[in-house]
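Reviewing the structure listed below.
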Amino acid sequence: MKRIAVVTGAAGGMGRAIVDRLLEDGLHVVGVDLNAPALLGMSADLSDFTPEVCDLTDAEAIFDLFDRITRRFGGVDVLVNNAGTCFMSDFPDISADELDRQMAVNFSSAFHCCQQAVKAMAGREGVRKIVNISSNGAYNFDVFDPPHYRASKAAMDTLTKDLARRYARDKIACNSIAPAMTQTPLFNVLTAEVLERAISAMPHGHAMQPEQIAAWVGFLISPAGDVSSGNVIILNQGRDVR
């Protein structure tokens, strides 16, 4: 029986790379996104892929999503919380609405997905996996990230550690991956000057690729990743080693 993986933000650059990796590794992937046309296009190109359109800022919609998935597939083995964005207003001029939206997209969506996934994982065989896609910006204060974005990712990593400890004996492993500059559509929210400065700070002289991050997701979800839980894996080409 194929393992069932749920990937949020599946239609974005990072999400598509993660979907492709998990399909290559033999999982059936439920791709979740708000972009219905992009999901349908992926569905036409991919086998073992189920598209699910969902507003992940709506807790009730997430409940309904996992209810549908559980009724169709019998449960969930893997959750990858990849959905996220970065709003670029800077302190102290961040509106209350933008703060709430940033936390809803990056943190609350992952929180509610984890709640429902843990229920859907009950009784499934083997070590079940949650992988949260965080950011190096939660730790490196030399980079440009605005504070509400940093806070949303740091909150995600605290959730990772809590769930790892809470569900260790239930054989649910939870880890975060915290990449630095990775070439995704989020590059479009940056000015050319900020983007050039950020990339030039990378030791290899270029941004990382989504496929490289997806490979780490694949490793954590593989049997080799069974022994890893509660970790925040920082990927940045060694930029911040002190």
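Here are some notes:
- Test: residue in region 31-42 that is among the polar types (S, T, N, Q), at pLDDT 95 or above and in contact with a helix residue (DSSP H, G or I) (Cβ under 6 Å, 6 or more places away or on another chain): no
- Flag if Met1 is within 24 Å of Met121 (Cα to Cα) and surrounded by fewer than 23 Cβ atoms within 10 Å (Cβ to Cβ): yes
- Only helices (runs of 4 or more DSSP H) whose full extent lies in region 130-223 are considered here, and the ones with at least 1 residues that are among the basic types (Lys, Arg), closer than 17 Å to Phe111 by Cβ and at pLDDT 90 or above are 147-166.
- Residue list for region 118-141, restricted to those being surrounded by 24 or more Cβ atoms within 10 Å (Cβ to Cβ) and within 14 Å of the chain's Cα centre (by Cα): Lys129, Ile130, Val131, Asn132, Ile133, Ser134, Ser135
- Of all the criteria given as (1) part of a strand (DSSP E or B); (2) under 13 Å from the mean Cα position of the chain (by Cα), the one not satisfied by Ile234 is (2).
- Of the criteria (1) surrounded by fewer than 18 Cβ atoms within 10 Å (Cβ to Cβ); (2) in contact (Cβ under 8 Å) with a residue 12 or more places away in the chain, which one Leu27 fails: (1)
- Region 16-29 - residue that is touching a helix residue (DSSP H, G or I) at 6+ places or on another chain (Cβ under 6 Å) and of a type in the set (A, V, I, L, M) and, of those, farthest from Val76 (Cα to Cα): Ala17
- Where a residue in region 135-150 is closer than 8 Å to Cys86 by Cβ and in contact (Cβ under 8 Å) with a residue 40 or more places away in the chain and its partner, wherever it lies, is in a loop (DSSP other than H, G, I, E, B) and of a type in the set (Ser, Thr, Tyr), with Cβ under 9 Å and at least six apart: Asp145/Ser135; Pro146/Ser89; Tyr149/Thr85; Tyr149/Ser135
- Given (1) modelled with pLDDT under 95; (2) touching a strand residue (DSSP E or B) at 6+ places or on another chain (Cβ under 6 Å); (3) surrounded by fewer than 19 Cβ atoms within 10 Å (Cβ to Cβ), number of the condition Thr85 does not satisfy: (2)
- Candidates in region 47-106 are the residues that are under 27 Å from Ser222 (Cβ atoms) and among the hydroxyl-bearing types (Ser, Thr, Tyr); of these, the one that is nearest to the chain's Cα centre (by Cα) is Thr50.
The values are calculated or read from the model by the stated rules, or taken from the named source; none is laboratory data. Small disclaimer: the values here were computed from a predicted structure and weren't measured. Reconstructed Cβ throughout: ideal geometry from the backbone, glycine too, with neighbour counts over all protein chains shown.
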